[in-house]
Structure formats: C-alpha cells, structure tokens
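The next block holds one structure in the form of structure tokens; read it before the comments.
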Amino acid sequence: SFLIAIAQLASATALPWLVRRHATGDIGRALADLGQPLFAAACLGLGFLVPHSSTILAAAFGEPFAVAGPAFAWLLGAAAVIHGGAVFVTGLVAVGAERRFVAVAVTGLAVNLVGNAILVPRIGIEGAAAATCATELTVAVLALVALSRAGVRPLACRPWAWAAGPALFALGVGASAFLA
C-alpha cells in the first residue's frame, strides 16, 4: 500500500488541474506531464528493489517471510504499473467518462478473479501476486484505450518517455543485481 500511495495521491491531487486542462483541450499533454516522470521514477526505484525482495521482507517482518520474496517481486512490478495506470484512470474521471471507468474497473476485477482462480491453486502466493500484476496491467491498458476513445491521447506526447518506464524498471533490476 505504501508503494502505491504516491501514485494515488499524485493523480487524485491533480484531478482538479486535469479537469481544467480538459476544459482547455490539453488534457493529453497534462496526463503526459504528470504521468511520465511519475511512471519513470517509480519504475527505476521499484525495479531496483526486485532483486532484494526476499531480503526486504526478512528485514521488515522476520526471516520466515523471506520465502515470499518472489511474490513480492511480482507486487513491485504491479506497483510500477500502477504509477502509470493511476494517471490514466484519473484522466477518465477528469474527462467525465464514468461509464468507461466502471467498465475498466469491472474488467480488472474479472481478470483478478480468473487469474487467482487459475494461478493460486498452481503456484500459491506467487500466483496471487502475478494475478495482481496482470490486473493492474489490464486496468492501465484499458484506461488508456478508454481515454483514446474519448479523444485523449497521452501517449502521443513524447511516446519515448512512456517507453522509458519499462526500460528503467529493467535497468533498476539489472543495476541492483549487479551491485549486490
């Protein structure tokens, strides 16, 4: 929860500004201005934590929790995705696309339920974490598609900066593993 608080707070706090930018026809750029640095920084930082997921859990909660490291690694990936997706979902609210917002949320719920039903019996807690990551990726992509259908295209503004997020996540994982 703590790792996604920044994404949720930043996007929720920006809602009035995004509404004003929508009124001027410039919400796509506003979503990019807010989302790109937030997503990039989160991806780099969270990626850096992935190789240490077991160590972090052991330090925070005791050695018995180190076994959940692989599941925590999936959740770190989900948290990175949330930093982009939260901006897109807030964009849907800012443009008044409540029905699209609900459709995205319901689809995300369905992905989570199906993912958990399939993965948890097979791989346990790691399956639940993978289902969460898939859910957040689904929500981010569908919110982006819904924005596009509403005429808002945040990816059109510096698309390379959005692509930097996954690259920075991989860089963070690699650099952290190299330094370990």
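The values are calculated or read from the model by the stated rules, or taken from the named source; none is laboratory data. Nothing here was measured: the structure is a model prediction, and the numbers come from that model. Because the Cβ atoms are built from the backbone with ideal geometry, glycine has one as well, and the counts that use them run over all protein chains shown. To get the accessible areas, we keep the full protein, side chains included, count just its heavy atoms, and leave off ligands, DNA and RNA. Shrake-Rupley method; radii C 1.70, N 1.55, O 1.52, S 1.80 Å.
Worth a mention:
- Meets criteria (of a type in the set (F, W, Y), touching a Ser or Thr at 6+ places or on another chain (Cβ under 9 Å) and surrounded by fewer than 21 Cβ atoms within 10 Å (Cβ to Cβ)) for F61: no
- Subset of the range 35-72 [touching a residue at least 40 places away in the same chain (Cβ under 8 Å) and farther than 21 Å from F88 by Cβ]: F48, L49, V50, P51, H52, A68, P70, A71, F72
- Flag if R21 is surrounded by 20 or more Cβ atoms within 10 Å (Cβ to Cβ) and among the charged types (D, E, K, R): yes
- The single condition among (1) open to solvent by less than 60 Å² (accessible area, probe 1.4 Å); (2) within 21 Å of L179 (Cα to Cα) that L44 does not meet is (1).
- Residues being open to solvent by less than 10 Å² (accessible area, probe 1.4 Å) and closer than 15 Å to W160 by Cα - total across the range 25-35: 3
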